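Data first, discussion second: the structure below is written as structure tokens.
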Amino acid sequence: MEIWDLYTKYRRKTGKEHIRGEQIPEGYYHLVVHVWIRNKNGEYLISQRAANRPTFPLMWECVGGSVLKGEESVDGAIREAKEEIGIVLEPSQGKKLFSKIRDVIDGQPFQDIMDVWLFEYDGEAQLENATTDEAVDCKWMSVDDIKKLYDSGKLVYTLDYFFCALNDDVPDYSNVIGRTVSGKVDRPLGSQHPKHPDMIYPVNYGYVKGVMTADGAEQDVYILGTDEPLNEFEGKVIKVFHRFNDTEDKWIVSVNGADIPEDKILGDIAFQEQFFYGKLYG
């Protein structure tokens, strides 16, 4: 029996536990990891799911799974690699690339917080040392090889972010972070999305006057630090949410200039950013 910790959307443990296979209560989340393993040649260690897996049988994927009760994210990543493909990863060789809160994917409830990890590893694949039978094959593959798997429908489709998120480029927002900006709030806290009425804005959302973006519109911002609906705002840019799979970055503005923890920001903007892949910078 696999037991998970349950979290709030702000990544706080609730003290409640959950048995895998049961329905997660509304408003709670469990922690999952995706683990990409890269060698010095720029290849990735990709595994093939066993034929008896209940989802995506015989499809290819990175290492991944749910973090168990009492584990931290990195502990779960290292355990999953050992269980699935038999290799031992060093914590010092890994870095968390980004986190994503997923409520629903394609109409199906997920209710998880997904941490995507990248580990550097130059050893051999050791599937014979795996402690489970979840994978039947394991190979080093180039990015082009992985793209061919994806194009042929043989890569688990929820890993599509690989092609836009796994690079070492770090955007430079030094001319943005710390700026005092002002603008209009066109979607106040508590209002409905104009095209998706089921989406209610839990924060104020607007744009910076006079700052144009690549899509020809003014710069979008999430306005945090207040529980009141606003019509206009002024505040300091404390972070930028960089979307990997979209041309729009979103500035995070604090109306009182105070810093806000990353987990709080990710939880507040997840209502909309769950539909994109991205990372906070700043």
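Things to note:
- More than 19 Å apart - percent of Cα-Cα pairs taken over segment 180-281: 38 percent
- Counting DSSP beta bridges with both ends in the chain, the antiparallel % (nearest 5): 80 percent
- Residue order, fewest to most beta carbons within 10 Å, for 59, 1, 212: 1, 212, 59
- Partner lysines whose Cα lies under 18 Å from the Cα of residue 148, excluding those fewer than 8 positions away in the same chain, are identified as 139.
- Virtual paramagnetic centre 7 Å along Cα→Cβ of residue 131, amide N under 18 Å, in segment 67-96: 67-91
- Relative contact order computed over the chain (Cα-Cα under 8 Å; 6+ residues apart), in percent: 16 percent
- Note on 193, 34: ascending count of other Cβ atoms within 10 Å places them as 193, 34, the fewest first.
- Per-residue Karplus couplings for segment 268-274, computed as 6.51 cos²θ - 1.76 cosθ + 1.60 with θ equal to phi - 60°, are listed in order as 5, 9, 5, 4, 10, 6, 5 Hz, Gly and Pro entered as x.
- Each label was represented as a point 7 Å from its Cα along the Cα-to-Cβ direction; for residue 192 and residue 259 these points are 4.0 nm apart.
- Hypothetical label at residue 151: residues of segment 51-93 whose amide nitrogen lies under 19 Å (7 Å Cα-Cβ projection): 60-61
- In plain terms, the chain from residue 14 to residue 75 could stretch by 20.0 nm, reckoned as 0.36 nm per residue minus the Cα-Cα distance.
- Rounded to the nearest 500, the helix-only mean residue ellipticity at 222 nm of the chain stands at -4000 deg cm²/dmol, with each DSSP H run of n ≥ 4 adding -39,500 (n - 2.57).
- Set 147/239; 9/195; 40/239; 100/250; 13/250 screened for pairs whose C-alpha atoms are more than 26 Å apart: 147/239; 40/239; 13/250
- Across segment 53-63, computed HN-Hα scalar couplings (Karplus, 6.51 cos²θ - 1.76 cosθ + 1.60, θ = phi - 60°) run 5, x, 10, 6, x, 6, 8, 9, 6, 8, 4 Hz from first to last residue, x flagging Gly and Pro.
- In this structure the amide hydrogen of residue 204, modeled in the peptide plane, comes within under 5 Å of the amide hydrogens of 189, 223, none closer than 5 places in sequence on its chain.
- Segment 3-165: relative contact order in percent, alpha carbon pairs under 8 Å with at least 6 residues between: 26 percent
- Averaging the sequence gap over all C-alpha pairs within less than 8 Å and six or more residues apart, then dividing by the number of residues, gives segment 180-281 a relative contact order of 26 percent.
- Convex hull volume per residue, computed on the Cα atoms of the chain, equals 152 Å³.
- Tilt relative to the chain, helix 73-85 - C-alpha long axis, 0 to 90 degrees, to 10: 30 degrees
- Euclidean distance of C-alpha centroids, segment 146-204 and segment 96-111, integer Å: 13 Å
- Under Karplus coefficients 6.51, -1.76 and 1.60, residue-wise ³J(HN,Hα) of segment 129-144 in Hz, glycine/proline x: 9, 5, 9, 10, 10, 5, 10, 10, 7, 7, 9, 6, 9, 6, 4, 5
- By the Kirkwood approach, averaging reciprocal distances over each pair of separate Cα atoms, segment 1-150 gets a hydrodynamic radius of 16.1 Å.
Read the figures in this text as sums done on the coordinates, not as results from a lab. Since the model is a prediction, treat every value here as computed from it, not as a measurement. Positions of Cβ are generated from backbone atoms using ideal geometry, with glycine treated the same way; all protein chains shown enter the neighbour counts.
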